[in-house]
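Everything on this sheet refers to the single structure shown next.
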Amino acid sequence: MNQTIGDFLFFGSVLSLVSYEMGIQLKKRFKLAIFNPLLISILIVMAFLSVFKIDYTVYNDSAKYISYLLTPATVCLAVPLYRQLNLLKKHSKAIIAGTLTGVLTTMCTVLLIALVFGLNHQEYVTFLPKSITTAIAMGISEEMKGFVTITVASIIVTGILGSIIAETVCRIFKITDPVAVGIAIGSASHAVGTTKAMEIGEIEGAMSSLAIATSGLCTVVFASIFANFL
Amino acid sequence: MKHVRQFSIILFISLAGEVIHLLVPLPVPASIYGLILMLFGLKTKLIPLVAVEDVSNFLLEIMPMMFIPAAVGLLDSWGSLRPILIPFLVITLFSTVIVMIMTGKVTQFFIETDKKKKGTDHESNNR
């Protein structure tokens, strides 16, 4: 018996899916936002790997097949967007204004906090693309010579946080219009938040998908300008 | 067979997105090019909605789980994260909340002013 758990091709996917299912069950039982299925499943997988001393690379070797579907799934975000195309045209002005606000707010808050903590240039640019989809953000961070691993970490934490707080924030601040809710979630927390927006409703999901693309592209432009400020 | 064809179309568009990504020197990922291509295809009716709808719904439903492996990867970046953990947490928490509020409020403000304007237009037309 020289077999290790890493030799099983389906180990990573099964561990991930079972953890996610446990997250869904927990969420059903305790209807609290903090029991976010994605957050729960990540914590369960992390705990499992630490307890059984399994390397992340071993896990990812068999779990990468789920991540493989991420590109086709992102392509499919076009479908709800297409179904809501009339709404997009009708509110194009509001959507553009909202997206620009989102991108500029990200940049300004990052700059402000970087000044408060006295971060250096390299640390500062690392956080500029934190609210957008990983693939675009990695490119920006690399280009500006930031720490790409930390950029990715902040994107993931942002996404999970965004999907946990979305409903509460929108309720407290009376953001009730489905288009506004969607643009807010997508601008603040990219594709991970969008999965939450999809749960809330079709319009919210479609607008959130739109915001992934628009705020991602705007960030390409604005990050290179803001990079000169510190 | 229906699902095979739907899945093929979606993968084909993903592949086309990869090709564009390779040819265009911008930091735009293949998936975003794919999203734009798919939207264009649907809009021009080159791809009828029914030709991709079922498999799309399925992929979108299971999408959250696709982020698990990357997120678990945080385990590996812990070392580089530790020295700037506090600014990391403050930036991430604070800016995510503020951005969500500002974006939502501004979008909603524009939608409401638009509605009001149309409302008054309508009234004056009635008079």
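General remarks:
- Test: A:Ala188 is touching a helix residue (DSSP H, G or I) at 6+ places or on another chain (Cβ under 7 Å), in a helix (DSSP H, G or I), open to solvent by less than 10 Å² (accessible area, probe 1.4 Å) and farther than 24 Å from B:Gly34 by Cβ: no
- Looking only at the range A:129-151, and only at residues there that are of a type in the set (A, V, I, L, M) and at the interface with chain B (Cβ under 7 Å from one of its Cβ atoms), the one that is most open to solvent (accessible area, probe 1.4 Å): A:Ala135
- Matching helices (runs of 4 or more DSSP H) fully within the range A:81-128 where at least 3 residues are within 7 Å of chain B (Cβ to nearest Cβ) and in contact (Cβ under 8 Å) with a residue 60 or more places away in the chain: A:92-117
- Selection status of A:Leu119, touching a helix residue (DSSP H, G or I) at 6+ places or on another chain (Cβ under 9 Å) and buried (at least 18 other Cβ atoms within 10 Å of the Cβ): yes
- Criterion applied to A:Lys53, A:Lys27 was being open to solvent by 50 Å² or more (accessible area, probe 1.4 Å), over 29 Å from B:Leu35 (Cα atoms) and either touching a Phe, Trp or Tyr at 6+ places or on another chain (Cβ under 6 Å) or at the interface with another protein chain (Cβ under 7 Å from one of its Cβ atoms) (or both), and the one residue passing it is A:Lys27.
- As for the range B:19-33, it holds at least one residue that is more than 8 Å from chain A (Cβ to nearest Cβ) and closer than 20 Å to A:Ala206 by Cβ.
- Applying the set (1) touching a residue at least 40 places away in the same chain (Cβ under 8 Å); (2) assigned to a helix (DSSP H, G or I) to A:Ile54 leaves exactly one unmet item: (2).
- Selected residue [of a type outside the set (Ser, Thr, Tyr), over 29 Å from A:Ala73 (Cα atoms) and more than 9 Å from every other protein chain (Cβ to nearest Cβ)] from B:Lys45, B:Lys115: B:Lys115
- Within the range A:154-183, residues that are outside any helix (DSSP H, G or I) reach partners that are surrounded by fewer than 24 Cβ atoms within 10 Å (Cβ to Cβ) with beta carbons closer than 7 Å, at six or more positions or on different chains, in the pairs A:Phe173/B:Ile101; A:Phe173/B:Lys105; A:Ile175/B:Lys105; A:Ile175/B:Gln108; A:Asp177/B:Gln108; A:Asp177/B:Ile111.
The values are calculated or read from the model by the stated rules, or taken from the named source; none is laboratory data. All figures in this text were calculated on a predicted structure; none of them were measured in a lab. We place every Cβ from the backbone using ideal geometry, glycine too, and count neighbours over all the protein chains shown. Areas reflect the complete protein model, heavy atoms only, side chains present, ligands, DNA and RNA absent. Shrake-Rupley method; radii C 1.70, N 1.55, O 1.52, S 1.80 Å.
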